[in-house]
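What follows is a single structure, written as structure tokens, with notes after it.
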Amino acid sequence: MNFSHITVLLNETVDSLCVKPDGIYVDCTLGGAGHTSLILSRLGENGRVIGIDRDDDALMNAKEKINDKRLITVKDNFENIANAVNSLGIEKVDGILMDLGVSSHQLDVAERGFSYMQDAPLDMRMDRTASLNAYEVVNAYSERDLIRIMRDYGEERFASSIAAKICAARKESPIMTTLALADVITSALPAKYRREGGHPAKRTFQAIRIEVNGELDCIPRAINDGVDMLNLGGRMAIISFHSLEDRIVKNGFRDLENPCTCPSDFPVCVCGNVPKVKVITKKPILPTEEELKQNSRSHSAKLRVCERV
């Protein structure tokens, strides 16, 4: 199959894992398998990579692209990392990575319904067997819920106007396609705002995609369960692409590094909570100028890393 994807922060992410030749590593978001391929190149014959993805296209691509018995693929949501790995008879691993972005394949294949630049049926499901899709969100959610997801997940300041336009449009007939939705969104925005920055529909499409796939809800559980699976000295590396994701990752790592719940005026800790990780990246690692020139979609990527203690 033709699965096109440019891996973001490739060397930085794999370098941060400090790959051991005989280690076991989990790529929670297999995608185009770029990170996995580089990890495999650094493993010995006894090393293994467990590649998890909920997108059948990604799993099929990995099987076609990588003919390596050291790679084990699992179809699942990365929030279920513990079950996915334990089901293979493995309890501890040496490194975990998560790339929280949408793959280039999902954006570029029009029929997946992720893009506001190509016309296709509204879909946006990473797992195409899932019941909820973008059509249902756009045409069945209440105006209040549309406002909520656009504000919470898209940080869209014109959420109320857009939601009102969507509800008015769907009374006439269902909004069926990505370009039809993009037109409705654009019509709800002031002319000045339409001319500023990126595409007028960008934030709303992001919000709907996050809602369809439950993207933000997955992250805290994946971080906590994943850290519990790491061997001492094992590392977790997470790439985020917008402020909502990055905030969850940053706060999740911070809470695992400083879990004490005692009041600040207590002379000694009595809660008994001890650090599980050491944060390696006090500031996130960003793409280089060279990468930005080669792949414009990397411009918002941020890599954070922690180590099990």
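The values are calculated or read from the model by the stated rules, or taken from the named source; none is laboratory data. If you're wondering where the values come from, they're calculated on a predicted model, not measured in any experiment. Every residue, glycine as well, gets a Cβ built from its backbone with ideal geometry; the counts of neighbours run over all protein chains shown. Only protein heavy atoms, including side chains, enter the accessible area calculation; ligands, DNA and RNA are left aside. Shrake-Rupley method; radii C 1.70, N 1.55, O 1.52, S 1.80 Å.
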Of the residues that make up segment 33-42, is at least one more than 24 Å from M124 (Cα to Cα), touching a residue at least 12 places away in the same chain (Cβ under 8 Å) and of a type in the set (V, I, T)?
yes
I'd like to check which helices (runs of 4 or more DSSP H) are fully inside segment 1-107 and have at least 1 residues that are charged (D, E, K, R).
10-16, 34-42, 56-65
Across segment 206-222, what is the number of residues that are open to solvent by 10 Å² or more (accessible area, probe 1.4 Å) and over 19 Å from E79 (Cα atoms)?
1
Before we move on, is T7 crowded, with 22+ Cβ neighbours inside 10 Å and at pLDDT below 95?
yes
Is there any pair linking a residue in segment 245-259 that is touching a residue at least 24 places away in the same chain (Cβ under 8 Å) to one that is basic (K, R) and open to solvent by 40 Å² or more (accessible area, probe 1.4 Å), with Cβ under 6 Å and at least six apart or on different chains, and which?
D246/K302; L256/K276
Condition met for V277 (open to solvent by 60 Å² or more (accessible area, probe 1.4 Å) and of a type outside the set (G, A, S))
no
Could you list, in sequence order, all residues of segment 159-189 that are of a type in the set (V, I, T), open to solvent by 20 Å² or more (accessible area, probe 1.4 Å) and touching an Asp or Glu at 6+ places or on another chain (Cβ under 8 Å)?
T177
Can you work out which of the residues in segment 283-309 that are at pLDDT below 95 and assigned to a loop (DSSP other than H, G, I, E, B) is most open to solvent (accessible area, probe 1.4 Å)?
H299
How many residues does segment 258-302 contain that are in contact with a helix residue (DSSP H, G or I) (Cβ under 8 Å, 6 or more places away or on another chain), among the charged types (D, E, K, R) and more than 24 Å from M229 (Cβ to Cβ)?
2
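Results for (1) within 25 Å of F241 (Cβ to Cβ); (2) in contact with an Asp or Glu (Cβ under 7 Å, 6 or more places away or on another chain); (3) touching a residue at least 12 places away in the same chain (Cβ under 8 Å); (4) open to solvent by less than 40 Å² (accessible area, probe 1.4 Å), shown as yes or no for each residue.
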site: D22; (1), (2), (3), (4): no, no, yes, no
site: C28; (1), (2), (3), (4): yes, no, yes, yes
site: V49; (1), (2), (3), (4): yes, yes, yes, yes
site: A62; (1), (2), (3), (4): yes, no, yes, yes
Residues that are within 30 Å of I280 (Cβ to Cβ): which helices (runs of 4 or more DSSP H) entirely in segment 129-247 hold 2 or more of them?
143-154, 202-213, 215-229
So Q118 fits all but one of (1) touching a residue at least 60 places away in the same chain (Cβ under 8 Å); (2) surrounded by fewer than 21 Cβ atoms within 10 Å (Cβ to Cβ); (3) part of a helix (DSSP H, G or I); what number is the exception?
(3)
